[in-house]
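The values are calculated or read from the model by the stated rules, or taken from the named source; none is laboratory data. Source: prediction; values computed, not measured. Glycine also receives a Cβ, built like all others from the backbone with ideal geometry; neighbour counts cover every protein chain displayed. Note: areas computed on protein heavy atoms with side chains; ligands, DNA, RNA excluded. Shrake-Rupley method; radii C 1.70, N 1.55, O 1.52, S 1.80 Å.
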Amino acid sequence: MGEAGVAGTDPRDPRDPRGLRGDAPLLDAWLRFTEAAQAGRLTPMSVPGHKQRRDLTGAVTAGDAPLYGGLDTIKHADTMLAGAERRAADLWGADWCRFSVAGSTHGNQALALAAGRPGRKIVVTRSLHRSLLLGLVLAGLDPVWVLPEVDPATGLPGPVPVRAVAAALAAHPDACAVFLGDPSYVGTTGDIAGHAAAAHEAGVPLLVDAAWAAHLGFHPDLPPHPLAAGADAMVTSAHKALPAYTQGALVLARAGRLDPARLDRAFEATHTTSPAGAIMASIDAARALLARDGQELCGRLLRAVAAARQRLRQVPGLDVLDGPGVEPAKLVVLLAGTGAHGNLVEADLIAAGMPVEMADRDTVIPIVTLADDELTVSRFTGALIAAVERHRAAARTPVPSAAWTVVPDLAVSPRQAFFAPNETLPASAAAGRVSAELVAPYPPGVPVLAPGEVITAAALDALRAAQAEGSRIAYAADPTLATFQVLTRLPEINFPGPLSPERPRP
Ligand SMILES: Cc1ncc(COP(=O)(O)O)c(C=O)c1O
């Protein structure tokens, strides 16, 4: 196997209907390996333990091939992988790229481990995904929080203003980096070029969790991706916006303010030594698809989303997030004006075989990707409208979810709190104590409470409200919220406060 085998393959192979293998070495290797396995030409004396047999655990392992010892020999697969990652780096204009089989979760943690050293500060969006919060714990970085603006009309978060980041950097000149989530979970986008300028002015890199935005920059009507807008690094989930296997993600960076050798060490620190070849090959295939057909497919996506937005807006009381500062491929449906409860609408959509990514009382967020076309989106839109009509009630004012409104009161650094002795208290006694745990309604997985933060009455109310509305309360030791894990005592700390931010006004 190897890149030499790429040339001369049949682009009409039904397992590769768009003929991507010629530009995708990992995909080509996966196609060869699985063909040989299916034909019974392999008797592997290496992992995985299923040995390509289907008579034991059955079809569930079909298509599984290790990167090392499957797509190429254990001694040479790293060279093949580096070739595929080089192609992705070139496509995104990066100097460094790695493929991850552990999602943007791993990517965020890798960048956190590469950004500084224990005890350093980092300017971070508080509406961060819980993976990045745990990245701060792993890396021992102390957050200087910046908050997004929340639009009172929709209850949804907008971008973090550049002035908030610039002020945080001015107040904390010892910060080692700025780490923002952009686009936000609801597709609102900020001024990445402005943030990059502010970060660079302060002499630090800008890192961006762009988990939802692997398609950005591949059509003139889409915003540029973060690297093109001036960021030094970005994390993105290939499995979210692109047609790649679940867990597939890319971490991309520019050298200069970040050291590629350090990035590699940070990436490898928590990545498996046995990456699934199918996931890796699907990232490679998605990259080849974007490179060749990205503009055409993004154009189709944009047309489908624009048509859906227009149709939904014609329904009395129904609205969508739209306008400048909203990623044009994102469909965020605002229900408050119809009175329909998002959870009931979601249940109808699940029953119709159309599960959505997120629903709460006032919002439904389906994920529309390059894999959708006008027909699938139009069918979904019809089903959504029918569900809304079934559950129509008195119009109401939207209430922002706890994830967007939390104003943290940080008493102890997340890392210190994570490792500190703790005890379990009833909720009534936990108020005012310091949380040992991370508690996040999921989705969106934004912590309402993080290790080291004071358990305020506002946080408790917000969590209970999310629970009452039917949200899953994730990561809490007691998801019923009857008890909380709090620090037994404040450990000896030398914590530079105050780090709690003020919420910016829109
Ligand atoms: C903003 C953000 N970052 C990171 C992640 C983690 O991504 P993954 O599921 O690929 O690990 C998510 C997941 O939803 C997310 O919303």
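Here are the numbers for this structure:
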item: Identity of the residue in the range 140-155, farther than 17 Å from Ala198 by Cα and surrounded by 24 or more Cβ atoms within 10 Å (Cβ to Cβ), that ends up farthest from the ligand (Cβ to nearest atom); result: Asp142
item: Residue in the range 193-210 that is on the phi > 0 side of the Ramachandran plot and touching a Gly at 6+ places or on another chain (Cβ under 9 Å) present; result: no
item: Residue in the range 418-431 that is surrounded by 24 or more Cβ atoms within 10 Å (Cβ to Cβ) and either under 26 Å from the mean Cα position of the chain (by Cα) or within 16 Å of the ligand (Cβ to nearest atom) (or both) present; result: no
item: Hits in the range 432-466 - residues which are among the hydroxyl-bearing types (Ser, Thr, Tyr), surrounded by fewer than 20 Cβ atoms within 10 Å (Cβ to Cβ) and away from the ligand (no atom under 16 Å from the Cβ); result: Thr456
item: Exclusive hit being farther than 25 Å from Ala440 by Cβ, more than 16 Å from the ligand (Cβ to nearest atom) and among the hydrophobic types (A, V, I, L, M, F, W, C), set Ala170, Ala177; result: Ala170
item: Selection count, the range 220-259, where residues are surrounded by 15 or more Cβ atoms within 10 Å (Cβ to Cβ) and farther than 20 Å from Thr188 by Cβ; result: 18
item: Identity of the residue in the range 208-251, more than 11 Å from the ligand (Cβ to nearest atom) and of a type in the set (D, E, K, R), that ends up nearest to the chain's Cα centre (by Cα); result: Asp232
item: First in the range 174-197 and in a loop (DSSP other than H, G, I, E, B), second anywhere and within 10 Å of the ligand (Cβ to nearest atom) and among the acidic types (Asp, Glu), Cβ under 8 Å, 6 or more apart; result: Asp182/Asp209; Thr189/Asp182; Gly190/Asp182
item: Any pair with Cβ under 9 angstrom, 6 or more apart, that starts in the range 40-58 at a residue that is in contact (Cβ under 8 Å) with a residue 24 or more places away in the chain and ends at one that is open to solvent by 100 Å² or more (accessible area, probe 1.4 Å); result: Ser46/Ile74
item: Considering residues of the range 198-207 that are part of a loop (DSSP other than H, G, I, E, B) and not hydrophobic (A, V, I, L, M, F, W, C) only, the residue nearest to the ligand (Cβ to nearest atom); result: Pro205
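Quick grid of which residues meet (1) within 11 Å of the ligand (Cβ to nearest atom); (2) β-branched (Val, Ile, Thr); (3) surrounded by fewer than 23 Cβ atoms within 10 Å (Cβ to Cβ); (4) at pLDDT 95 or above:
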{"position": "Asp95", "(1), (2), (3), (4)": "no, no, yes, yes"}
{"position": "Arg98", "(1), (2), (3), (4)": "no, no, no, yes"}
{"position": "Ala102", "(1), (2), (3), (4)": "yes, no, yes, yes"}
{"position": "Ala114", "(1), (2), (3), (4)": "no, no, no, yes"}
{"position": "Arg117", "(1), (2), (3), (4)": "no, no, yes, yes"}
{"position": "Val124", "(1), (2), (3), (4)": "no, yes, no, yes"}
{"position": "Leu133", "(1), (2), (3), (4)": "yes, no, no, yes"}
